[in-house]
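What follows is a set of notes on a single structure, which appears directly below.
Please treat every number below as a calculation from the coordinates, not as lab data. In this text, all values refer to a predicted model and were calculated from it rather than measured experimentally. Counting neighbours? That spans all protein chains shown, and the Cβs are built from the backbone with ideal geometry, glycine included.
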Amino acid sequence: MAFLKLAGTVTKRMGMKSACYMYPVVAREFTKTTRGHVELDSADCIYCGLCQRKCPTKAIEVNRQEKNWTIQPLRCIVCSGCVDVCPKKCLRMENTYSSSVTSKF
Amino acid sequence: MIMRHEDIAIKIQPEELVGKVSGLQGDGCRLVQIACSKTKENNFELVYSFEKDYKFCNLTFEVPPDAEVESISSMCFSAFLYENEIHDLFGLKIKHIAVDFQGTLYETAVKYPMSVETK
Amino acid sequence: MSYLAKSPWLIHYDGSSCNGCDIEVLACLTPMYDVERFGIINTGNPKHADILAITGSVNEQNIPIIKNIYDQMLEPKVVIAIGICATSGGIFRECYNVQGGVDQVIPVDVYIPGCAARPESIIDGVVKGLGVLEEKYKKYGKKR
Amino acid sequence: MSKRTIIPFGPQHPVLPEPIHLDLVLEDEKVVQAIPRIGYVHRGLEKLVEKQEYANMVYVAERICGICSFIHAQTCSQAIEDLLPIEVPERALYLRTIWAEMSRTHSHLLWLGLMADAFGFEALFMHCWRLREKILDMVEDTAGGRVIFGSCKVGGVRVDIEDAKLKDIVIQYNDLEKEIKEITDVFVEDYSVKHRLVDVGVMSKEDAHVLGAVGPTMRGSGVAKDMRTLGYAAYKYLKFEPVVETAGDCYARTKVRIREVFQSIDLIRQAVAQIPGGPIAVKVTGNPTGSSFQCVEQARGDVAYYLKANGTKNLERFRVRTPTFANIPPLLKMLGGCELADVPVIVLSIDPCISCTER
């Protein structure tokens, strides 16, 4: 009885594909909704600074005079709060994560 | 589900606490939590929440910062952690806690962080 | 992944993290990501480990513990800060009990962003850490 | 004459995934007393209310714990909605329920794996976590994050799940249910598992009540109490009974969690069948006033939020009593009289979540 059960399990497992998806060899495909990192389409940006005010970790810095927008990826918690608040809808959430770095600056 | 604190709160005097709690214990109530907060006048406001058959009741009272509050851990043992926590974070003195950590439950960078200004 | 010259062993310490990055590190070891393919083993003993993976920020109470684990590890060693809390303190940066990132206490070699850090980026980060380890080996060999 | 020794247990210990410290007073191999020491993960996030606006506190609440993150966000939003006060659309309530139950299934599978690891059943650990990944994939597909969902906000939810996707979730859960059944049968029937769990860490019904145990720890001792019966979110429209086991040992607690996984899957099915259309969020205006008290059932037990507001952008007090905090006194009770080798299993049997506990 036990042998039959075991044989059954083994044949079933042989038909299944591996649970592991071999990450670095096979690239990961992210879903559309995945929150990876924030990107800016700077053409539309009016540098209003709402995202800077909304950001809970103060990762975003907006300079209205010099017209620049910077984000520190090592501070961003990918909450996508800035994307929700952007009045021109020029911020978007990309579904790829930002890569690791060996130094902070 | 709407559960405003005001609807379930019962205001008591600090010295009534032990009697009320033992009454609630006798009724078969269960301690849910003890919360402490600072009021505008710099007093401590304590909230003792009890529950029985999904009915909640919050005993609340205010004490001045230098007051001593009697522990309820002799009646509900589980209160000892909340009381030690309140002592460590707020600096409110609580007498006769069943297991008294003497302020070593949390080692924080600032002493009594919830009562003082921090970074 | 044939370019991995060494099979690094890893010790994981949970600073004051929210568990998110923590379980993602564990998830790396389980069938879907399975870093044991590369010979990476999660060990509990600092003396066995080449890589110290820290999740979560540093608070008052765990500074001595992190220092202790770091000092017990043998040279050369690599420290990886996993998640935003470990790199900069994250959303808890302004809390009274949080000192900031791990680099406040010990030198960090690789920073992995993400809240919570994805297993893929943890694997990438560990591979990057291996490069650092390789270089340190070379330097260390010259010193001897 | 037996010898007394004190063994320090933790914070960095191979069986502990998280830092907690216990001083175990031993007489030979028997534990007579256990004294906890916490604070290794203490961040002090309750004081963040002074720095963050109330809407941002949802992000903070979400990061109290990475495993029960969604239910923390849900409770926090619920409390703030209560203070404002605003009415949340039905569809958002249903979506919250679905996500909460998804997070419960993933949390319980995670725990089952860790438990298997604690009694040395490596293969079972791997299988539990393999199945858990499938739930996380569904979560990522719908909410956008793996462990930190990030889909809840004050006034509703941030993303909608299309009806086709909802149906797909149910189909995936149907398949998953069969696979979970295979694994949980091993937990329930295998003699080696029973050897490690039956009659270990027994807590009576009276103790569970008096010591204020919560969640599966309490229900494993025969107290039928589940805060979901309070009827928050969409639970008022769904049919379910609290899961109860009476033995009060680690085996009973395991069985409670196993049955809760299937209960959650059933709740998801019910919710998907009944979900109405309509908006998913309402506009939030004004600042909160007054104080609110919320009790919500998490995977580990009920979490109690006590929020106080004074009409400004920042809340006045943000107090969270998490399930593991309430489960520590019962744990100390269970540890008294057990053997040293059983300590890891008993500590894990309450499903400790230290980052919740210390906030």
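Treating the beta-carbon of each Lys and Arg as +1 and of each Asp and Glu as -1, no other charges, what is the dipole magnitude of chain D about its Cα centre, to the nearest 20 debye? Mind showing how you got there, number by number?
Numbers: 43 positive and 47 negative charges, 197 e Å.
Once rounded to the nearest 20, the dipole reads 940 debye.
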Treating every alpha carbon of the stretch A:34-97 as one equal point scatterer without solvent, the Debye formula yields log10 I(q)/I(0) values at q = 0.28 Å⁻¹ of -1.41
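With n ≥ 4 as the cut-off for DSSP H runs, can you work out [θ] at 222 nm for chain D, using -39500 (n - 2.57) per run divided by the number of residues, rounded to the nearest 500?
Details: 12 runs with 166 residues, N = 359.
Estimated from H runs of four or more residues: -15000 deg cm²/dmol.
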Against the longest principal axis of chain A, how steep is helix A:2-15, in degrees 0 to 90 to the nearest 10, with axes from Cα atoms?
-> 40
Under the 7 Å Cα-to-Cβ spin-label approximation, residue D:33 and residue C:140 lie apart by a distance in nanometres of 4.5
Angle between chain B longest axis and helix B:17-26 axis [Cα atoms, degrees, rounded to 10] | 40
Could you line up A:41, D:266, B:53 from fewest to most neighbouring Cβ atoms inside 10 Å?
-> B:53, A:41, D:266
List every residue whose amide H lies under 5 Å from the amide H of residue D:67, counting only residues 5 or more places away in sequence or on a different chain, with H placed 1.01 Å from N in the peptide plane.
-> none
Angle in degrees between helix B:79-90 and the longest Cα principal axis of chain B, rounded to the nearest 10 | 40
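Given A:104/B:38; B:20/D:255; A:32/A:58, which pairs have Cα atoms separated by over 30 Å?
Going by Cα-Cα distance, A:104/B:38; B:20/D:255 fall outside the 30 Å limit.
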What spacing in nm lies between the two simple spin-label points modelled at residue B:66 and residue B:99, each 7 Å away from Cα in the Cβ direction?
-> 3.3
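Would you mind counting up the charge near residue B:4? Only other residues with Cβ under 13 Å from its Cβ, with Lys and Arg at +1 and Asp and Glu at -1.
Details: positive: D:308; negative: B:6, B:7, D:81, D:82.
Result for the neighbourhood of residue B:4: -3.
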Across D:312, D:184, D:105, the residue with the highest GNM fluctuation in chain D (Cα network, 10 Å cutoff) is D:312
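Note the full-extension length gain between residue D:236 and residue D:162 as 0.36 nm times their separation in residues minus their Cα-Cα distance, in nm to one decimal. Write out the running numbers ahead of the final one.
Numbers: separation 74, 0.36 × 74 = 26.64 nm, distance 2.28 nm.
So the extension gain works out to 24.4 nm.
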So what's the net charge close to residue D:198: Lys and Arg +1, Asp and Glu -1, counting the other residues with Cβ under 13 Å from its Cβ?
-> -2
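What does the charge add up to near residue B:95, with Lys and Arg as +1, Asp and Glu as -1, over the other residues with Cβ less than 10 Å from its Cβ?
-3
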Considering only D:323, D:281, D:295, whose Cα is most displaced toward the positive end of the charge dipole of the stretch D:268-359, charges sitting on Cβ of Lys, Arg (+1) and Asp, Glu (-1)?
-> D:281
Using a 10 Å cut-off on Cβ to Cβ distances, tally the other chain neighbours for every residue of A:19-26 and report the average as a whole number.
-> 6
Subtracting the Cα-Cα distance of residue D:195 and residue D:171 from 0.36 nm times their residue separation yields 5.0 nm
Could I have the simple spin-label model distance between residue C:74 and residue C:6, label points 7 Å from Cα toward Cβ, reported in nm to one decimal?
-> 1.1
Taking the Cα centre of the protein assembly as shown as origin and charging only Cβ (+1 Lys, Arg; -1 Asp, Glu), how large is the dipole, in debye to the nearest 20?
-> 1560
Pairwise centroid distance, computed over Cα atoms, of the stretch D:89-115 with the stretch D:197-236, Å | 18
For the stretch C:45-144, whose charge dipole is built from +1 on Lys and Arg Cβ atoms and -1 on Asp and Glu Cβ atoms, the candidate among C:54, C:121, C:141 with its Cα farthest towards the positive end is C:141
Residue separation between residue C:36 and residue C:67 times 0.36 nm, minus their alpha-carbon distance, gives in nm 8.5 nm
Which whole DSSP H helices in chain D pass both tests: a Cα extent of 24 Å or more along the axis and a mean Kyte-Doolittle value no lower than 1.6?
-> none
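Given the DSSP H assignment, sum -39500 (n - 2.57) over each helix run of at least 4 residues in chain C and divide by its residue total; what's the result at 222 nm in deg cm²/dmol, nearest 500?
Calculated at 222 nm, the ellipticity per residue is -11000 deg cm²/dmol.
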Treating only the Cβ atoms of Lys and Arg (+1) and Asp and Glu (-1) as charged, compute the dipole magnitude of chain B about its Cα centre; round to the nearest 20 debye.
-> 200
Which is farthest toward the positive dipole end of the protein assembly as shown among D:113, A:34, C:30, measuring Cα position about the Cα centre, with Cβ charges +1 (Lys, Arg) and -1 (Asp, Glu)?
-> A:34
